[in-house]
Amino acid sequence: MAEATELFRKSDVPAHVPAECVIDFDLFAQPAPEEDFFEYWKKLQGEGRPDFVWTPYNGGHWIATRGEDIHTIYADHDLFSSRNILLPVERNEAIRVLPTSLDPPEHRPFRNLINHGLSPKVVRGLEPSIRELTVSLIEAFRARGHCEFASEFAELLPISLFLKMVNLPVEDRIKLKALSEQVNRPDGSMTPEEVNQGFYDYLMPVLLERRKNPGDDLFSQFLAGSIDGRPMTDGEAFELCMQVLIAGLDTVVSVLGFLMMFLARNPDHRRQLVADPAMIPPAVEEFLRRFPLVAIPRTVIRDMEFQGVTFKEGDLILVPTMLHGLDDRAYQCPLDVDFNRRIGIHSTFGAGVHRCPGSLLARAELRIFLEEWLSRIPDFDIAPGRTPKVLYGIVGTVVDLPLVWQA
Ligand code: HEM
């Protein structure tokens with residue numbers, strides 16, 4: 001415990017960081033429950049604030065606060081490396097994931113395997129399962145007139161679907177979700193080494209068994225793939241499967257939570273979608289712009305001036321995807337949700353070679369969910385007197401969303 005807490009240490013301000021850039025911002029702090037997650041992040045774009053700020057928390061790092069810079073940094077792997085994708089930087093030594101922590105050209109062969117496993121054809125083939133699962137989860141509580149949306153729906157749909165894709169028992173989701181939480185929202189209760197070991201103890205026997213007896217699941221496909229003409233090592237297979245698992249378990253869950261919190265509080269938007277289900281696909285795009293929730297760092301490759309800021313080799317820059325879709329330099333009234341909005345570039349799925357390979361699957365899940373939920377439960381609200389609970393971190397998420405409706 002002491003070791004884990006030490007990792008969240010504050011650092012001294014380096015000489016090249018101007019005093020006016022220094023702010024107090026802890027990625028893992030949990031603000032008051034009433035605080036809106038997106039408005040909290042958006043304060044980093046406050047008037048008079050420089051476009052790059054620096055915080056001493058979590059080992060000390062920059063934060064890019066403007067959409068255009070966020071997009072450029074994600075896309076430019078020559079200047080901004082992915083070798084550290086966790087904060088504080090020491091956590092990357094204990095928890096290594098592929099291909100996200102690799103830069104090109106090493107990144108490419110691993111990424112090819114993922115692209116193949118999550119291709120448009122694969123996602124189209126999954127749609128009937130997504131719909132079936134969605135309907136059965138909703139029908140389990142519809143007649144009751146209330147549910148806790150995060151645990152009774154949001155955590156179940158993407159996780160059950162993903163565990164089906166990798167042929168793992170759905171009951172294992174609780175253990176795997178708890179470990180993923182400690183990667184994206186560490187609370188100091190486990191050291192990074194313990195988190196890695198937890199994944200290793202779970203995944204390694206599965207992978208060794210699949211090497212001997214391959215199936216048609218995603219993990220077996222990865223194991224059968226080649227890395228520049230050679231087989232993947234056991235260590236690489238572990239790190240690749242762990243990455244896909246964490247990414248698949250923790251993101252759609254979070255978007256579902258935020259968009260349902262919004263729809264519960266905004267009956268007019270809900271009614272638009274109920275009256276005209278053809279609006280659901282554009283609504284999904286608007287929700288993705290409005291509710292981004294991933295903030296990942298990049299490491300500066302060499303000393304340089306970038307947008308008037310002096311970066312030193314090895315500096316870490318946190319790149320919050322939320323501050324692109326919510327940037328008023330990129331979108332007018334960015335906090336408003338407008339299903340007729342023309343959506344331009346945003347960074348919700350990142351950019352460049354690491355851009356999310358699960359974006360098609362995520363879109364299919366969100367669209368099918370809205371179609372099935374709104375045709376069954378068109379009117380709903382947040383339970384009176386209750387405040388939904390949101391957690392902050394590398395991926396923000398909603399963990400308690402009590403909904404009520406007329407049974
Ligand atoms: C709305 C839901 C999702 C969001 C917002 C999201 C967001 C992101 C972002 C921002 C990145 C870029 C990371 C970086 O550049 O360092 C990323 C990468 C990734 N995502 Fe997603 N993701 C979502 C859903 C999914 C799903 C459903 C899967 C898989 C089943 C997935 C798998 C991955 C993988 C494997 C990577 C790493 C790709 C690489 O490094 O080349 N994501 N995601």
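Each value in this text was obtained by applying a stated rule to the coordinates, not by laboratory testing. What you see is a predicted model; the values in this text were computed from it and never measured. With ideal geometry, Cβ positions are generated from the backbone for all residues, glycine too; neighbour counts draw on all protein chains shown.
Gap in Å between the Cα centre of the stretch 330-399 and the Cα centre of the stretch 86-141? Using only Cα atoms, the two centres lie 17 Å from each other. The Cβ shell under 13 Å around V353 holds other residues with a net charge of 0, Lys and Arg each +1, Asp and Glu each -1.
Can you tally the net charge around G344? Count Lys and Arg as +1, Asp and Glu as -1, for every other residue whose Cβ sits under 14 Å from the Cβ of G344. Surrounding charge for G344 is -1. Using a cut-off of 22 Å between Cα atoms, the listed pairs K42/K389; K175/K212; K43/K177; K164/K212 include K175/K212; K43/K177 as exceeding that distance.
Extension gain, E47 to R376, is 114.1 nm, computed as 0.36 nm per intervening residue step minus the present C-alpha separation.
According to the Cα-based calculation, Rg over Rh for the stretch 267-311 is 1.38, with Rh computed by the Kirkwood formula.
In this entry, the chain is assigned a mean projected area of 19.8 nm², taken as a quarter of its C-alpha convex hull surface. The label-point distance for R342 and I174, in a model that sets each label 7 Å from Cα toward Cβ, rounds to 5.1 nm.
As a calculated quantity, the FRET efficiency between A278 and D328 at R0 = 25 Å, using C-beta atoms, amounts to about 0.30. Residue exposure proxy: C333, C147, C21, ordered by other Cβ atoms within 10 angstrom of their Cβ from fewest to most, comes out as C333, C21, C147. Other residues whose C-beta falls under 15 angstrom from the C-beta of L335 contribute a net charge of -1, scoring Lys and Arg +1 and Asp and Glu -1.
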